[in-house]
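The values are calculated or read from the model by the stated rules, or taken from the named source; none is laboratory data. Keep in mind that what you see is a predicted model, and the values were worked out from it rather than measured. Cβ sites come from the backbone with ideal geometry, for glycine too, and all protein chains shown count toward neighbours.
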Amino acid sequence: MIVSTKANGRAAQATGASVSEDRLASRTRRMSASAISEILKVASRPGVISLAGGLPAPESFPVAYAHELIEGALKKHGPSIFQYGPTEGFLPLREAIAGYLAERDVVAAADEVVITTGSQQTLDALGKVLISPGDKIAVESPTYLGAICGFNPYQPDYVALESDDDGVIPEALEQALEDHVIKFVYLIPNFQNPSGRTLSLARRKAIAAMARKHGALIIEDDPYRSLRYEGEHLPTLWSLAPELVVYAGTLSKVLSPGMRIGFCVAPPLIRRWIVLAKQGMDLHTSSLDQAIAAEYISGGYLKSHLPDIIALYRPRLGAMLDSLEESLPKNYSWSHPEGGMFLWLSGPAGLDTEKLYPLAVERNVAYVPGRYFFTTPGEGNNTARLNFSNVDEAAIRTGIEKLASLMLETTGR
């Protein structure tokens, strides 16, 4: 006998029954609310100087000519931008992204580009099609928390790779590839989140050679490359070993995070499965947002607007570096990024940034404790990620002074 859903609902109410956790899939045991999301709820309170979030500055958004972008998209494409679209992405955007990527040494035809709903969807799709429970994946130590959250439901085992100021240490990767069957290696070579470090040219070449030697697959997550404030761009890992690299990017940092436009270029087999996975996720990314993004790139807006974004962020990074130098003694150290949105702070062994966090919030300054970016428990207790993109220079100086004062009260000078 078939009982209606409405009848089932009435029966459940009558008996006091409720849905219990045994209804949930086993993979939910590896899922949890992002620690950063919870921290940001506190950090967003009025009066708090937030050095915590990874948010672009609202001043960086192309609000002044947003109407031009929409009107241009409508004029070129008409009602089609309100219709369902292909899972692979809106063709004019794929063509525009292909041109954009060529400037990054990623030479791909439009039909080799897949548009995703933010780069986070790229990571989720890769986890879905590549990771079986117990598979080993190699990640930087520290690494991007969003990647950990994206991969965790698929139940991998992590192999942490030692890093220093020049990024992942090649010998650590070599050892991992010799000791384990590694499903893939996940790296952020440029202005890494959370550390702000950039993988050196010599190490890029060494890692590409290792990938070829061992047949290792590399996920190159590159959301910050355009945000370089000094120095020269380095070759992508994709350009050094294209047959073994999935290249992932986003427009969130140079257009709008709210529009959720990501993209990837992958070897043909993986690209096909990413598209199949995406079909089950959302059918396709917003057609309207894709059309606006296509106009932003092909109409020359991105090229003209990017220098304004860089001019906005460069002095903010400078203010943070200067303030740390003035406020903290020699037993503290921090990264010196050439771009991106983050800086990595390390203190003496007695510093516990997680325990310190609520005290910092009481003084109206917030950051992210570093331990959340490590896959090995117990690491990173004396570290913190600091964001400079979404706070002006005056607030950065005040925030660093407050944070430094609290840290020195806790650990002594």
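Rundown of residues vs (1) in a loop (DSSP other than H, G, I, E, B); (2) more than 24 Å from Tyr224 (Cβ to Cβ), yes/no style:
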| residue | (1), (2) |
| --- | --- |
| Ile70 | no, yes |
| Lys75 | no, yes |
| Gly85 | yes, yes |
| Leu93 | no, no |
| Ala96 | no, no |
| Gly99 | no, no |
| Arg104 | yes, no |
| Ser119 | no, no |
| Leu123 | no, no |
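Restricting attention to the range 121-134, the residues that are crowded, with 19+ Cβ neighbours inside 10 Å and either more than 21 Å from Lys278 (Cα to Cα) or not hydrophobic (A, V, I, L, M, F, W, C) (or both) total 5.
Among the residues that make up the range 130-146, is at least one of them assigned to a helix (DSSP H, G or I), in the same structural domain as Gly231 (by TED's automatic domain parsing) and of a type in the set (Ser, Thr, Tyr)? Within the range 130-146, none of the residues are assigned to a helix (DSSP H, G or I), in the same structural domain as Gly231 (by TED's automatic domain parsing) and of a type in the set (Ser, Thr, Tyr). Any idea which residue in the range 361-381 is surrounded by the most Cβ atoms within 10 Å (Cβ to Cβ), counting only those that are within 17 Å of Ser37 (Cα to Cα) and of a type outside the set (A, V, I, L, M)? In this case the residue turns out to be Phe373.
Just to be sure, is Val168 farther than 26 Å from Arg272 by Cα and surrounded by 18 or more Cβ atoms within 10 Å (Cβ to Cβ)? Outline the logic, then answer.
Details: farther than 26 Å from Arg272 by Cα: yes; surrounded by 18 or more Cβ atoms within 10 Å (Cβ to Cβ): yes.
Yes; evaluated as a whole, the condition is true for this residue.
Within the range 308-329, the residues that satisfy the criterion of being surrounded by 18 or more Cβ atoms within 10 Å (Cβ to Cβ) and either more than 26 Å from the chain's Cα centre (by Cα) or among the polar types (S, T, N, Q) (or both) are Ser323, Leu328.
Residue check: is Glu71 touching a residue at least 60 places away in the same chain (Cβ under 8 Å) and either among the hydrophobic types (A, V, I, L, M, F, W, C) or not assigned by TED's automatic domain parsing to the domain that holds Glu362 (or both)?
Values: touching a residue at least 60 places away in the same chain (Cβ under 8 Å): no; either among the hydrophobic types (A, V, I, L, M, F, W, C) or not assigned by TED's automatic domain parsing to the domain that holds Glu362 (or both): yes.
So Glu71 does not fit the description; no.
Candidates Ala384, Ala394: the one that is surrounded by fewer than 16 Cβ atoms within 10 Å (Cβ to Cβ) and at pLDDT 95 or above is Ala394.
Here the range 57-94 is the region considered, the condition is being within 30 Å of Ala395 (Cα to Cα) and among the hydroxyl-bearing types (Ser, Thr, Tyr), and the residue that is modelled with the highest pLDDT is Ser60. Among the residues examined, Leu276 qualifies as surrounded by fewer than 19 Cβ atoms within 10 Å (Cβ to Cβ), among the aliphatic types (A, V, I, L, M), in the same structural domain as Leu91 (by TED's automatic domain parsing) and more than 15 Å from Leu187 (Cβ to Cβ). Scanning the range 208-224 for residues being over 18 Å from Ala266 (Cα atoms) and crowded, with 23+ Cβ neighbours inside 10 Å gives a total of 1. Is it the case that Leu403 is over 19 Å from the mean Cα position of the chain (by Cα) and surrounded by fewer than 24 Cβ atoms within 10 Å (Cβ to Cβ)? Against the criterion (over 19 Å from the mean Cα position of the chain (by Cα) and surrounded by fewer than 24 Cβ atoms within 10 Å (Cβ to Cβ)), Leu403 does not qualify.
Select the helices (runs of 4 or more DSSP H) contained entirely in the range 250-350, then report the ones holding at least 1 residues which are more than 30 Å from Gly72 (Cβ to Cβ).
Working: elements: 268-281, 287-298, 301-327.
In the range 250-350, the matching helices (runs of 4 or more DSSP H) lie at 268-281, 301-327.
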